[in-house]
Every structure is written in C-alpha cells, then in structure tokens.
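The values are calculated or read from the model by the stated rules, or taken from the named source; none is laboratory data. Keep in mind that what you see is a predicted model, and the values were worked out from it rather than measured. A quick note on method: Cβ atoms are made from the backbone with ideal geometry, for glycine too, and the neighbour counts reach across all protein chains shown. In case anyone asks, the SASA skips ligands and DNA or RNA and just uses the protein heavy atoms, side chains included. Shrake-Rupley method; radii C 1.70, N 1.55, O 1.52, S 1.80 Å.
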Amino acid sequence: MRKRVAIIGAGVSGLASIRCCLEEGLEPTCFERSNDIGGLWKFSDRAEEGRASIYQSVFTNSSKEMMCFPDFPYPDGYPNFMHHSKLQEYIKTFAQKNNLLRYIQFETLVSSIKKCPSFLLTGQWDIVTEKDGHQESTLFDAVMICSGHHVYPNLPTYSFPGLEKFQGNYFHSRDYKDSEAFKGKRVLVIGLGNSGSDIAVELSRLAAQVMISTRSGSWIMSRVWDDGYPWDMVYVTRFASFLQNALPPFLSDWLYVKKMNTRFKHENYGLMPLNGILRKEPVFNDELPSRILCGTVSIKPSVKQFTETSAVFEDGTVFEAIDSVIFATGYDYAYPFLDDSIIKSRNNEVTLFKGIFPPQMEKPTLAVIGFVQSLGAAIPTVDLQARWAAKVFTNSCILPTMKEMMDDIDEKMGKKLKWFGQSQTLQTDYITYMDELSTFIGVKPNIPWLFLTDPKLALEVYFGPCSPYQFRLMGPGKWDGARNAILTQWDRTLKPTRTRAVSETQRPHPFFNLLKMLSFPVLLLAILIILY
C-alpha cells in the first residue's frame, strides 16, 4: 500500500507538497480550513481566524521569473511584480494543470496532530479534523505542515506604557485592508517592515499625517534595480553569492553598505539600520523616500510611552492628536494543533534540520514546509523543500544522525546570528540554502560540467539570475524545458515593459557590473601597496 501523507494548508507550500508527494508515489490528503487555495495570497476583505491576511494593495516583492514553480513559468505577458490577484490566478492555474484540487478537503480544520502509540515502530500520526461540527480521527504515515508563519499576529502591547489610556484606536496590520477610513487622520505606524512601509505610504495619500516608529531602522530597496531591471534578476546570482562569501568580511560589508546606499543615503532619512552590515531582510518600497521628502511620512525612533491622545518617542519628541495606531510588528510562530516540544525541542527555540525536520524525532515522518525566510522567493524554496521531504518519506533519501543534525543546526545558528542578527534566526542565504537542499536530492546544477558541455547555458546559470528552473535542470525530477526557460528568461522579463519598443532589447551584463563595483576597492588596494 502507498504511504498516506497529511498536508496541512493549501497555500503554495501545500500545493507544492501535494505535487511532490504524487511524484514520489505517495498518497496525499490536504486539509484546508478555508474554501479556496492560495493561503497568504487569497485575499479576503476581512481578517479570518487561523488564516494569513493581506491588504488590498499588496504586490509581490519577488519578480515573476524568480518566484515561479521551477517547471511552470508565468505567461509572457504577466507583469514582473504582480498584484496579489494576478499571483492567485497563477496559483489556481498551476493547481488545475497538475490536477491537485482533488486531493484537498476544504473547510476542514486540523485540531490535533499526535504520535500514534506505535510511533516508535511505524512513525504514524493520529490526526483529528473537524468539518461541519463533526470530528474525525485518521492515521497517516507522514505529515507535512504547510500552514505558514503569517497567521498569529504579534501585538506587544505590554511594551508600550500608557497604551491602555490611549483614546484612539489601535490594531495589528493584519486587520488593515485599505486606506479609505483614514482620510484626514493622523496615524502612527509602529514597525518598519514591508507591511508597515507599504501601509504608511498608502495612508500618506489620504491621511493628514503619517509617522513610522522604528526601533532599529532598515535598508530600503527598490524593486527597480540597476538600469531598471527587476532587483532579484540582477542581485540574486551565483557569481554575486560567490563574491559575498569569498571576499574578506570588511570588503564584503563595505560593498553591501555601499550598494544599499546607492539610491539614497539612509542616514539622511532616519532609516539607517543600527547595525548596517547585518544582512537582515531589507524593505522593498519604491515610494517611501519620496513620501519622506514630501513630508507626508516622517520617521521616528521607538515609542517611549503613550498618553490619552499622543505618543512620546525616545528622543523626547511628541506626536499629538493621534487618531489611529497600526502595529506592523510581525507574527508569532505557532502551530496550535501540534505539541510545541516537537518544533521547539531545545530551550524553547525553533530547532529544525535545514528548517524542515525535527532532529530529535525517532522517525523522520514530519516535515515543516515554508518556515525559513531568505532574500529569495518562497515558491521555488518550498518546492525544493517538499521534493526533499517526499523523498525522505519514501526512504530514497536518508537523514543524518540526530547528533549530526544537531551539530549542523548549532553551526548554522552561529552563522545566522553573525550574518542576520538575533531577531532573524529563521533567515538564511537563498542560494546557499537552495544548493544544500538540491545536493541532498541530486539536482544541484553541475556548473563545471555545464561549462564543458554547454557554455552558453553555463554562463547564464552562473552569472545570470539564479532562477528556479536551475533546480529542474538535471537529476531526479528533471524538466525537459528547463534549459530553454533559462535561456529565454530575459525575454519574458522584458516583454511586459516593452509595450513601446524603441530599440533592440537590452539585457544586463552582471559580470561587467560586478567588476565595475569591485574596481574601486581593487584600485585602493593597489595604491596602498604602492605607497607602503
């Protein structure tokens, strides 16, 4: 009999998991508490309990060529950065083309996941679900948790003295949907993440005044990068990743800060991160600097305390007559249907091998998909995670020993704290992480071999964007269209923008751009050698 796998959630992680289970001959059953697929990207005009929630104006931060399923490119005419409705359209098409909907049980809540009494022998799980007021208990051979980590809002009211006296209204950004109700209002947004910045910019067009309070600042990146190309098509390359890891830290840090400050000097806008060399996830916002210049958005430090009508900041300044406070303070990581000790198995910290497998599990039959964060797109990441997990469930891939996994977690945690900082322990370097996972299942691109056998493709793979197609180029699960998709990715990128063609298509030259970027430190080093 085929092994039965329970999949919790029908967002992109859940859909990837269904498809990967089918590829490995497993029998998936996906439980989705809402009535539709899409997860985070399924917009609703009100926040629903137990589901991720987005606002009406959300656009993607990753471009279409970098955030597709690796064997399913977007249609040529799709914009590079998509409104959530466009991405939901793509997700539905993917599910229909791969006949995934038949494996999903909608409007079904998973209330409990527990090890069976025979777990040490079988690795099976007892899953209790609820639908239409009726409970049902079912045995499964494996579980893939795909419910995401943007569900349970972090609302740290205890950190803000006087908030209980505040006479205006306050709420988490999860409950924000559009700006109409804020016309002429004075609004304080707490938090300088992607949501906080988006909301503040949107409100600034209608509100009387908007202020953002930030504890530590952030780098602000534009979706429009060098010469107008999508940022990730230029920035997320294997060659750039090699330089970042190979250069001395002082030089790598200098180049990073210089690049982040290319568009504008962050210190002049009150946005400079407290520790600028940390590779914390930047904020993607094309309009925030101009809104600050226009005076419709102001940046302030942390709130020291609230009064009945105002906020007093750490620098002593006061924002008076506040109508609303929006807490864009992120989310807590919670899986209420699962015993906390399974994922937080040490010192109440999330402890997962490669962000997927609990290392202290007696049988490797539970995987968490979509839990890590990186400066890269979620869809190809969860696709690769699901492919590996499905192979582990079928025993075609074997996990290391518990000690080896714990040692790896400790080593990686040390690097993450140094690279991303204390608050970013789920963060990881995209290309390094993708190559680690692809190595486990034998699909990592063999660059030297490509240079020998297909130089044209090798140049695009190494110096061009590290697009998802690279991970279906060779090995198990190979897609015959991967080579052509890589060689034509710039055509699909430029097509929706060249609606008025005035010249030949101009592609970027990342190798020469990086050489130009390195020329100054090399010249400086040469001068120092000559002088001394």
Residue pairs, Cβ under 6 Å, 6 or more apart or interchain, first in the range 50-64 and in a loop (DSSP other than H, G, I, E, B), second open to solvent by 20 Å² or more (accessible area, probe 1.4 Å) and aliphatic (A, V, I, L, M). List them. A52/L40; S53/A47
List every residue pair whose Cβ atoms lie under 6 Å apart, where the two residues are 6 or more positions apart in sequence or sit on different chains, the first residue falls within the range 160-184 and is open to solvent by 30 Å² or more (accessible area, probe 1.4 Å), and the second residue, located anywhere, is of a type in the set (G, A, S) and not in a loop (DSSP other than H, G, I, E, B). N169/S324
Some residue of the range 20-28 being in contact with an Asp or Glu (Cβ under 9 Å, 6 or more places away or on another chain), outside any loop (DSSP other than H, G, I, E, B), open to solvent by 20 Å² or more (accessible area, probe 1.4 Å) and closer than 30 Å to I220 by Cα: no
Looking only at the range 148-159, which residues are open to solvent by less than 40 Å² (accessible area, probe 1.4 Å) and under 30 Å from Q124 (Cα atoms)? G148, H149, V151
Please pick out the residue among T365, T296, T351 that is closer than 22 Å to H149 by Cα, of a type outside the set (F, W, Y), touching a strand residue (DSSP E or B) at 6+ places or on another chain (Cβ under 7 Å) and surrounded by 16 or more Cβ atoms within 10 Å (Cβ to Cβ). T365
Within the range 476-516, tally of residues that are at pLDDT below 95 and more than 27 Å from the chain's Cα centre (by Cα): 12
Single condition P336 does not satisfy, out of (1) surrounded by fewer than 20 Cβ atoms within 10 Å (Cβ to Cβ); (2) more than 20 Å from L155 (Cβ to Cβ): (2)
Among the residues of the range 298-336, which ones are touching a residue at least 24 places away in the same chain (Cβ under 8 Å), of a type in the set (G, A, S) and either in contact with a Cys (Cβ under 9 Å, 6 or more places away or on another chain) or part of a loop (DSSP other than H, G, I, E, B) (or both)? S302, A321, A328, G330, A334
I'd like to know if the range 204-227 contains one or more residues that are in a helix (DSSP H, G or I), more than 28 Å from I37 (Cβ to Cβ) and open to solvent by 20 Å² or more (accessible area, probe 1.4 Å). yes
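Listed here are the residues, each with its yes/no results for (1) in contact with a Phe, Trp or Tyr (Cβ under 8 Å, 6 or more places away or on another chain); (2) at pLDDT below 95; (3) within 26 Å of F160 (Cα to Cα); (4) not aromatic (F, W, Y).
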site	(1), (2), (3), (4)
N275	no, yes, yes, yes
E287	no, no, no, yes
L293	no, no, no, yes
V297	no, no, yes, yes
K300	yes, no, yes, yes
Q305	yes, no, yes, yes
T309	yes, no, yes, yes
Quick one: in the range 372-403, which of the residues that are modelled with pLDDT under 95 and part of a helix (DSSP H, G or I) is least open to solvent (accessible area, probe 1.4 Å)? A378
How many residues are modelled with pLDDT under 90 and not small (G, A, S) if we restrict to the range 47-64? 3
Can you confirm whether P359 is over 30 Å from P465 (Cβ atoms) and either in a loop (DSSP other than H, G, I, E, B) or not β-branched (V, I, T) (or both)? yes
Taking L452 as meeting all but one of (1) more than 26 Å from F353 (Cβ to Cβ); (2) at pLDDT 95 or above; (3) surrounded by 13 or more Cβ atoms within 10 Å (Cβ to Cβ), write down the number of the exception. (3)
Total residues in the range 59-102, condition open to solvent by 50 Å² or more (accessible area, probe 1.4 Å), within 20 Å of the chain's Cα centre (by Cα) and of a type in the set (S, T, N, Q): 1
Verdict on I91 being out of contact with any Lys or Arg (no Cβ under 9 Å at 6 or more places or on another chain), among the aliphatic types (A, V, I, L, M) and modelled with pLDDT of 95 or more: no
Exception for R291 within (1) without any contact (Cβ under 8 Å) to a residue 12 or more places away in the chain; (2) among the basic types (K, R); (3) more than 30 Å from L399 (Cβ to Cβ) falls at (1)
Scan the range 465-472 and give yes if some residue there is farther than 21 Å from T488 by Cβ, among the hydrophobic types (A, V, I, L, M, F, W, C), open to solvent by less than 50 Å² (accessible area, probe 1.4 Å) and assigned to a helix (DSSP H, G or I), otherwise no. no
Scan of the range 317-333 for residues that are open to solvent by 40 Å² or more (accessible area, probe 1.4 Å) and at pLDDT 95 or above, ordered by number: T317, V318, E320, A321, D323
Does E89 qualify as being out of contact with any Leu (no Cβ under 9 Å at 6 or more places or on another chain), in a helix (DSSP H, G or I) and acidic (D, E)? yes
Just the residues that are open to solvent by 20 Å² or more (accessible area, probe 1.4 Å) and among the hydroxyl-bearing types (S, T, Y), please, taken from the range 38-54. S44
Take P75 and decide whether it is modelled with pLDDT of 95 or more and part of a loop (DSSP other than H, G, I, E, B). no
Name every residue in the range 244-271 that is surrounded by 15 or more Cβ atoms within 10 Å (Cβ to Cβ) and among the hydroxyl-bearing types (S, T, Y), in order of residue number. S252, Y256, Y269
Quickly run through the range 455-464 and pick out the residues that are open to solvent by 10 Å² or more (accessible area, probe 1.4 Å) and not acidic (D, E). P455, K456, L459, Y462, F463
Output yes when any residue across the range 134-142 is crowded, with 18+ Cβ neighbours inside 10 Å, in contact with a strand residue (DSSP E or B) (Cβ under 9 Å, 6 or more places away or on another chain), part of a loop (DSSP other than H, G, I, E, B) and of a type in the set (D, E), and no when none is. yes
